[in-house]
Amino acid sequence: MDLFEALKERRSVRAYKDEQIKDEELNKILEAGEYAASGMGKQSPIMIVVQDKETIAQLSKMNAKVFGKEGIDPFYGAPTVVIVLADKNMPTCVEDGSLVMGNLMNAAYGLGVGSCWIHRAKEEFESEEGKALLKKWGVEGDYIGVGHCILGYAKDEPKPAAPRKEGYVVRV
């Protein structure tokens, strides 16, 4: 797949098949995340991969509560959730984590895997429940939640991109 075509065609997926992605695909997607650019090359982010349904359900419930829409599934039934956190002590933590998220989503698209960035990780992992999960998972450090990259096979083909707005680029 042509890189520039992929960057233009990738769209967020909000409905997933009830089928787990292949380990080979997941490993390639995670590797792309590992190679994201980071401030001063410090690699401040970490990725937590969640594929068990109980933990995903717990995260979904936490996320919906932060969203103020309890009872919905903000993860759209995706079978894999990659939580991206970054070291709060790095001045570029949010930017570093955002670059990881972009790499994850673009790599997923290149492999035929659907993805979507789900917000509210910051609030989730600032909560006592979120801190308890990190402790349970053995994650130590002072991290900020940047986002959740949900992954899975799309139920339907996403709609094509809308035309780009006027004035998107200003040349000086």
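Bear in mind that the values in this text are calculations on the coordinates, not laboratory data. It should be emphasised that the depicted structure is a prediction, and the values quoted were computed from it without experimental measurement. Backbone-built Cβ (ideal geometry, glycine too); neighbour counts: all protein chains shown.
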How many of the residues making up the stretch 72-81 are over 11 Å from the mean Cα position of the chain (by Cα) and either crowded, with 18+ Cβ neighbours inside 10 Å or free of Cβ contacts under 8 Å to residues at least 12 places away in the same chain (or both)?
5
Within the stretch 114-131, the residues that are in contact (Cβ under 8 Å) with a residue 60 or more places away in the chain, under 22 Å from Ser98 (Cβ atoms) and not in a strand (DSSP E or B) are Glu124, Ser127, Gly130
Considering the stretch 108-140 alone, what residues qualify as being touching a helix residue (DSSP H, G or I) at 6+ places or on another chain (Cβ under 9 Å) and of a type in the set (Phe, Trp, Tyr)?
Tyr109, Trp117, Phe125
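Results for (1) free of Cβ contacts under 8 Å to residues at least 24 places away in the same chain; (2) out of contact with any strand residue (DSSP E or B) (no Cβ under 8 Å at 6 or more places or on another chain); (3) outside any helix (DSSP H, G or I), shown as yes or no for each residue.
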| site | (1), (2), (3) |
| --- | --- |
| Met40 | no, yes, no |
| Ser60 | yes, yes, no |
| Glu70 | yes, yes, yes |
| Ile83 | no, no, yes |
| Asn106 | no, yes, no |
Mind checking which residues of the stretch 132-172 are assigned to a loop (DSSP other than H, G, I, E, B), more than 25 Å from Tyr76 (Cβ to Cβ), over 20 Å from the mean Cα position of the chain (by Cα) and of a type outside the set (Gly, Ala, Ser)?
Glu140, Pro163, Arg164, Lys165, Glu166, Tyr168, Val169, Val170, Arg171, Val172
Among the residues of the stretch 82-106, write down those that are farther than 16 Å from Ile48 by Cβ and crowded, with 22+ Cβ neighbours inside 10 Å.
Met105
Being touching a strand residue (DSSP E or B) at 6+ places or on another chain (Cβ under 9 Å) and among the small types (Gly, Ala, Ser) is the filter; apply it to the stretch 128-142 and report the residue that is nearest to Val82 (Cα to Cα).
Gly130
